[in-house]
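Any read-out appearing in this document is the output of simple, stated calculations on the displayed coordinates, not a laboratory observation. Treat the numbers as computed from the prediction; the structure is a model and nothing was measured. Glycine gets a Cβ as well: all are built from the backbone with ideal geometry, and neighbour counts include every protein chain shown.
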Amino acid sequence: MHVGICPWAACTLVAAASVSSWATPTEWLDPASAEAATDGKVLWYDVLNLGLEGRGWADTATPYDRLPATAEAKVPAAVWGLSLNSAGMCVRFVTDATTLQAHWVLRSATLGMNHMPATGVSGLDLYVRTPDRGWRWVAVGRPESTDVTTTLIGDMPPGEREFLLYLPLYNGVSSVKVGVPAGARLGKAPARNPGRSRPLVFYGTSITQGGCASRPGMVHTAILGRRLDLPVINLGFSGAGRMEPALAELLAQLDPAVYVLDCLPNMGAAEVTERLEPFVRILRQAHPDTPILMVEDRTYANAFISAGARAHNETSRAAHKAAYERLQAAGVIGLHYLAGDGLLGADGEDTVDGSHPTDLGFMRQAAAMEPALRPLLGGGGH
């Protein structure tokens, strides 16, 4: 065994720094609110009692839906179906437990896909806050059925720590619980970034939703949420991010720090020309000052040799840029533009199928978006 820095060294330091405000809960949950295991050794807490991040609306049919119940009659059926996936949702909590378990019930028996693992489609993903206020991966919850109980980690040193647990990207959940040993405490985490509570809102396609991350914390929206230490609302809809007016009206109901519009992978040039400007105008009318980042399509990994892939990139980008320039010329303020060529690498090694990023691709996409977003936050990122 290699002897060096223990991966839990940083977390041991967190225990020593548990008096810090960011590692102290705003409220410890009452053990009486938990469900005790049959043997009495584990207490199960519903994550809804801890506060669920990543929700844009309160008036949803279930707590884990991404659109309000009234949207079902307004948006395309494909969008509505995908809105029942819990992409982007997460829960933060503080605990002094040395063992963490999870139990979650999935809506769909389709646990994985032919190009995306079950851990990303239907799994959970656990991170811990480090002393520098960053986040470090801890464990993934592997879905083996639609009703899963698992130990995420069972050998942590004593001490209070803040954790971040992501929910599935391409499946829905009807229940999620965190289990801690009887006698351990579990509490609500303090604000991520005091004074900066407005979320980033990402609207886009399968890539925004998380296809094909190996686990929920590896989609670029989640990576950026950790790096900027801000809540994120993920409104990616696989194959269905097409800028319908109904979606613009829904997004206009939110109050984000920044809107990120990233729909070109699902739209041809004609559709971009028809829909982009009205979409932006609806957002701008509702929020005169909120920055809007308009993102070009990433370059298909095989565009260098596939004429069709190259043509889609070129034509949709040209229409996108022309719409942006028309909006600017018309005096629409607060618009920002991110070119697509730098979203993935030039080596062609960061997608599953030429289109959907691997974890490497999502890391690169986050690295490209971060410098575009930080100046728009007014100090909102740490």
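Can you tell me the order of 79-92, 124-137 when each peptide is scored by its average per-residue count of other Cβ atoms within 10 angstrom, highest first? Can you show the working numbers first?
Details: 79-92: 24.3, 124-137: 19.1.
So the order, starting with the most tightly packed, is 79-92, 124-137.
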For a quick check: with amide H placed at 1.01 Å from N, whose amide H comes under 5 Å from ALA139's, ignoring anything fewer than 5 positions away on the same chain?
LEU126
Students often forget the sequence filter, so: which aspartates and glutamates lie under 14 Å Cα-Cα from LYS74 once same-chain residues fewer than 8 apart are removed?
GLU244, GLU249
Along the stretch 243-250, what does the Karplus equation 6.51 cos²θ - 1.76 cosθ + 1.60 (θ = phi - 60°) give for ³J(HN,Hα), rounded to whole Hz, x for Gly and Pro?
6, 5, x, 4, 6, 4, 5, 5
Vicinal HN-Hα couplings computed from phi for the stretch 325-338 (Karplus, 6.51 cos²θ - 1.76 cosθ + 1.60; Hz; Gly/Pro x):
5, 5, 4, 5, 5, 7, x, 6, 9, x, 9, 9, 10, 10
Of the convex hull enclosing the alpha-carbon atoms of the stretch 62-206, the direction-averaged projected area in nm² is 10.3
Collect residues whose amide H, placed 1.01 Å from N in the peptide plane, falls under 5 Å from the amide H of GLY123; neighbours closer than 5 in sequence don't count.
LEU169
Give me the log10 of I(q) over I(0) for the stretch 200-376 at q = 0.14, 0.17 Å⁻¹, as the Debye formula computes it from C-alpha points; what are the numbers?
-0.69, -1.05
Pull up the cross-link candidates among the lysines for LYS41, meaning alpha carbon to alpha carbon under 21 Å and not fewer than 8 places away within one chain.
LYS177
Can you work out ³J(HN,Hα) from phi for every residue in the stretch 339-354, in order, using Karplus 6.51 cos²θ - 1.76 cosθ + 1.60 and θ = phi - 60°, giving whole Hz and x for Gly and Pro?
5, x, 4, x, 6, 10, x, 7, 7, x, 9, 10, 10, 7, 9, x
What is the mean projected area of the alpha carbon convex hull for the chain, to one decimal in square nanometres?
19.8
If you filter the stretch 102-203 for GluC sites (Glu not before Pro), then keep DSSP loop positions with at most 15 other Cβ within 10 Å, what is left?
GLU144
